[in-house]
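The values are calculated or read from the model by the stated rules, or taken from the named source; none is laboratory data. Keep in mind that what you see is a predicted model, and the values were worked out from it rather than measured. Note that we place each Cβ from the backbone using ideal geometry, even for glycine, and neighbour counts take in every protein chain shown. When the accessible area is computed, the model is the full protein with side chains, heavy atoms only, and any ligands, DNA or RNA have been set aside. Shrake-Rupley method; radii C 1.70, N 1.55, O 1.52, S 1.80 Å.
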Amino acid sequence: MVGDFIRRTLEEYRDAKDYKYVTFSDDTTGTTQAVWTPASGKAVRLASIIISVDNACKLELRWGTTTFTHLEFESRKAIPIELAYDIKGPAGTALNAYLLSDTGTTNAYITAIGCEE
């Protein structure tokens, strides 16, 4: 099901040619995970993103260490985010996710869809 969504998105939206998938967890101490690290001299152009979490948490998407969006989840959620326009990061800068669990351990599953240019 997720594979079909990704395939349709790759075929239909804004020339997106690739996707990156990561899974990671946090135990209330805060964890940063690289989602997409571009090749040397390239930049990530993000077309959409799918985020799933299995517990209440805060999640930030960052270009390097600069936050460009902050999300708060009150419980287990899975959300596809279709961006109104592509967001392009600075050349040579990774797309990172910062996860902070409210209680216990939270697992995050992130699929970023876009391309490098």
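Quick rundown of the values:
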| quantity | calculated |
| --- | --- |
| Signed unit charges on C-beta, dipole axis of the chain, positive-most listed residue Ile81, Gly114, Thr31 | Gly114 |
| Helix axis angle, 2-12 relative to the chain longest principal axis, alpha carbon, degrees | 30 |
| Whole-Å semi-axes of the ellipsoid equivalent to the chain (Cα gyration tensor, √5λ, descending) | 23, 17, 11 |
| Full-stretch length increase - Asp18, Ser75 - with 0.36 nm per residue and alpha-carbon distance subtracted | 17.6 nm |
| Those residues of segment 48-77 whose amide nitrogen sits under 17 Å from the label point placed on Thr37, 7 Å along Cα→Cβ | 62-66 |
| Computed FRET value (nearest 0.05) for Tyr85 with Thr65, which takes r as the C-beta separation and R₀ as 41 Å | 0.95 |
| Whole-Hz couplings from phi, Karplus 6.51/-1.76/1.60, listed for segment 45-58; x for Gly and Pro | 10, 8, 9, 7, 8, 10, 10, 10, 9, 10, 6, 5, 6, 10 |
| Reachable lysines, given that their alpha-carbon falls under 17 Å from the alpha-carbon of Lys42 and they are not under 8 places away in the same chain | Lys17, Lys20, Lys88 |
| Residue among Val35, Val44, Val22 with the largest mean-square fluctuation in a Gaussian network model of the chain, springs linking Cα atoms under 10 Å | Val22 |
| Solvent-accessible area per residue, Å², over segment 34-117 with all protein chains present [probe radius 1.4 Å] | 45 |
| Overall form of segment 49-90 per C-alpha gyration tensor (a/c, 1.5; a/b vs b/c) | oblate |
| Accessible-area composition of the chain, carbon plus sulfur, in percent [1.4 Å probe] | 50 |
